[in-house]
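The values are calculated or read from the model by the stated rules, or taken from the named source; none is laboratory data. Predicted model, so just to flag it, every value in this text is computed and none were measured. So basically every Cβ, Gly included, is an ideal-geometry build from the backbone, and we count neighbours across all protein chains shown. We work out accessible area using only protein heavy atoms, side chains counted, and drop any ligands, DNA or RNA first. Shrake-Rupley method; radii C 1.70, N 1.55, O 1.52, S 1.80 Å.
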Amino acid sequence: MKFSEHWLRALCDPPIDTAALADALTMGGLEVESVEPAAPAFDGVVVARILAVAPHPDADRLRVCTVDAGAGTPLTVVCGAPNAAAGMLAPLAREGATLPGGTTIRRATMRGVESQGMLCSARELGLGDDASGLHALPADCVPGTPLRRALDLDDALITLKITPNRADCLSILGIARDTAALTGAP
């Protein structure tokens, strides 16, 4: 059974770190198979709202997007994603951002138009396999919010090996009850 540590801590939040929590669960009979981050490491990526999309003057497949990244001044970003549309919320890797794999985003000129960042797909951020277009964000996200905070990506995914006699732990509520019993947390 795989679950989010934040989900568990919403029900039962013992004052211990992730490693100690995994150890307590294992010692209590719920074998922890793995603890992995919810998302790979990246920095400098924020929520952005696309304000306008125009065709690139010198390229058929590129578009020039005007985006609000929460800084007050709209940015110009050259994008090749077919789903870029005005009003859409998407991840924006700002100038200086570091993506998974160590790629650093710099200001660049693409066929005569300066791009002040990069609008990202799920694959470029390591959040999924879809590279067909921009990663659409929920409507309640606020432009300028760091993406890791907006999507709660600073989380750990814990995988338990549940034995057949522990059907009570096939839900997050059952795991929370065991966590409370093992740690004394409410």
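Normalised by 2.2 N^0.38 Å, with N the number of residues, the alpha-carbon radius of gyration of the chain equals 1.30. Asp155 sits with roughly 20 Å² accessible to a 1.4 Å probe, with DNA, RNA and ligands left out of the calculation. Can you tell me the 0 to 90 degree angle between the C-alpha axis of helix 18-27 and the longest principal axis of the chain, rounded to 10? Helix 18-27 sits roughly 30 degrees off the main axis of the chain. Sites listed here are trypsin sites (Lys or Arg not before Pro) in the range 93-186 whose DSSP assignment is loop and whose Cβ has at most 12 other Cβ atoms within 10 Å: Arg106, Arg107, Arg111.
First compute the accessible area of the chain with a 1.4 Å probe, then give the percent of it belonging to carbon and sulfur atoms. Carbon and sulfur together cover 53 percent of it. Across the chain, C-alpha contacts under 8 Å between residues 6 or more apart give a mean separation that, scaled by the residue count, equals a relative contact order of 33 percent.
Work out the charge dipole of the chain with +1 on the Cβ of Lys and Arg and -1 on the Cβ of Asp and Glu about the Cα centre, then indicate which of Phe3, Pro82, Leu127 is farthest towards its positive end. In the chain, that residue is Pro82. Rounded to the nearest 20 debye, the dipole magnitude of the range 1-44 is 140 debye, with +1 charges on Lys and Arg beta carbons, -1 on Asp and Glu beta carbons, and the Cα centre as origin.
Between the C-alpha center of the range 105-143 and that of the range 5-51 there is a gap of 26 Å. In a simple Cβ point-charge model (Lys, Arg +1; Asp, Glu -1; nothing else charged), the chain has a dipole of about 500 debye relative to its Cα centre. For the range 112-186, report the % of Cα-Cα distances exceeding 17 Å. It works out to 67 percent of all Cα pairs.
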